[in-house]
Amino acid sequence: MSQESIQKLRLWIGEQGLDAFLVSQPQNRTYLSGWAEDSPEAGTLLVGPEHLFLLTNALYEEVAKREAPDWEVVVPPAREYPQTLASLAKEHAWKTLGFESSVVSYAAYEQYQQAGTGVFTLKPFANSYIEKLRLTKLPEEIALLRRAIAITDETFASICAWIMPGMTEKEVAWEISRKMAELGADGPAFSTIVASGPRGSMPHGEPSDRRIQRGELITIDMGARYRGYCADMTRTICLGEPAEPRMREVYDAVLHAMKTCEQNLHAGMTGSEADALARDALAQANLANYYIHSTGHGVGLQIHENPVLSPHMPEDGPLPVGCVVTVEPGVYIPGWTGTRMEDCVLVKEHGVEVLTQSPTELVILR
């Protein structure tokens with residue numbers, strides 16, 4: 001837990017005219033408390049001017065006390081969170097409580113309202129200030145991301161030495177998960193994508209029983225989770241020389257788009273400006289019509305978080321120094337194949353540091 005982040009949140013709470021704030025989004029809970037529990041139903045945090053409460057149930061009590069030692073863990077009887085919240089608010093004279101309306105259900109909201117009658121009122125916040133704090137990674141967060149990315153790189157190197165024609169996409173995905181665990185990862189940060197041959201035209205194609213063949217493009221999108229922090233990397237490879245010259249041309253264009261974006265990306269740009277760096281490079285190669293997604297997204301406690309590098313968000317604020325984002329242009333041609341390349345980069349004032357270190361060679365000799 002960062003005391004600096006807690007103090008910034010408390011300052012914001014006061015500026016909003018609030019007495020306390022409820023934190024229910026799982027990764028926001030983890031960011032503030034260190035309690036690494038992904039289940040939305042596991043509990044909620046209550047941040048006051050001088051007190052930090054973690055409300056949970058008996059199933060999570062022991063772990064919560066160990067992982068969040070600076071928080072007072074409260075276990076409501078019979079999981080009566082609204083009633084316990086009302087008691088705490090009354091005890092500390094908290095009249096106005098903020099909450100994350102994007103993650104609290106309407107049913108839960110009504111229960112809080114009913115329990116708080118005559119004690120407190122609720123004020124919704126669709127965009128939590130905590131997510132703004134999470135944009136800029138703390139030094140300890142960057143260290144954890146570096147380790148998650150290093151595990152991903154080492155796993156990819158192992159896969160490149162191991163993979164052979166005739167293996168199924170599912171077998172490759174399973175080996176990726178096994179190797180990540182062997183290297184100390186919590187597990188995969190998301191469901192691994194292995195899309196070979198004509199299935200490469202599906203950006204999120206799930207691994208199938210299709211057997212990989214020599215001379216076709218194979219897109220592998222993978223990432224390790226380490227102590228809650230997520231890596232994200234994509235590489236397209238080919239076992240032996242590509243069967244068609246066009247495969248190499250498309251691959252080279254996508255790789256060039258990724259490198260162009262990385263070489264020109266810096267803090268202060270908007271997400272749409274960053275997206276244009278890769279999109280314009282593919283347009284010059286007459287491939288823009290086959291680029292059907294955004295150029296990147298933030299990574300951290302979630303595999304997809306802000307900021308977003310997208311043409312659809314022209315009014316987003318500038319990219320801050322210290323955010324970690326992906327750069328992942330791709331080309332997908334239905335009925336033929338596809339390719340995507342993706343790195344994680346740390347945004348700095350005058351450029352980026354490319355954190356992903358996996359090679360970008362297309363051909364693996366077999």
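The values are calculated or read from the model by the stated rules, or taken from the named source; none is laboratory data. Keep in mind that what you see is a predicted model, and the values were worked out from it rather than measured. Note: areas computed on protein heavy atoms with side chains; ligands, DNA, RNA excluded. Shrake-Rupley method; radii C 1.70, N 1.55, O 1.52, S 1.80 Å.
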- Relative contact order of segment 275-366: what whole-number percent is it, with Cα pairs under 8 angstrom and at least 6 residues apart? 22 percent
- Task: Show R146, R225, R79, R340 ordered by accessible area, largest first, where the area counts protein heavy atoms only and the probe is 1.4 Å.
- Result: R79, R146, R225, R340
- Would you list W336, W12, W162 from the most to the least accessible area, probe 1.4 Å? W162, W336, W12
- Task: Would you please give the residues with an amide H less than 5 Å from that of R227, counting only those at least 5 places away or on a separate chain, with H modeled from the backbone geometry?
- Result: D186
- Item | the chain, accessible surface, carbon-and-sulfur percent (1.4 angstrom probe) | 51 percent
- Item | Theoretical ellipticity at 222 nm over the chain - DSSP helices of four or more residues, -39500 (n - 2.57) apiece, nearest 500 | -11000 deg cm²/dmol
- Calculate how large, on average over all directions, the projected area of the Cα convex hull of segment 265-354 is; give the answer in nm² to one decimal. 6.0 nm²
- Message: Lysine pairs in the chain with Cα distance under 22 Å, only those 8 or more apart or on different chains: how many are there?
- Response: 11
- Calculating Rg/Rh (Cα atoms, Kirkwood Rh) from this structure picks out, from (1) 0.95; (2) 0.97; (3) 1.04, entry (3)
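How large is the accessible surface per residue of the chain, computed with a 1.4 Å probe and reported in Å² as a whole number?
Numbers: 16010 Å² over 366 residues.
The answer is 44 Å² per residue.
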- Computed from every Cα-Cα pair in segment 159-208, P(r) in 10 Å bins starting at 0 and rounded to whole percents is 25, 52, 22, 1
- Task: Take the alpha carbon atoms of segment 230-276, find their center, do the same for segment 190-218, and report the distance between the two centers in whole angstrom.
- Result: 18 Å
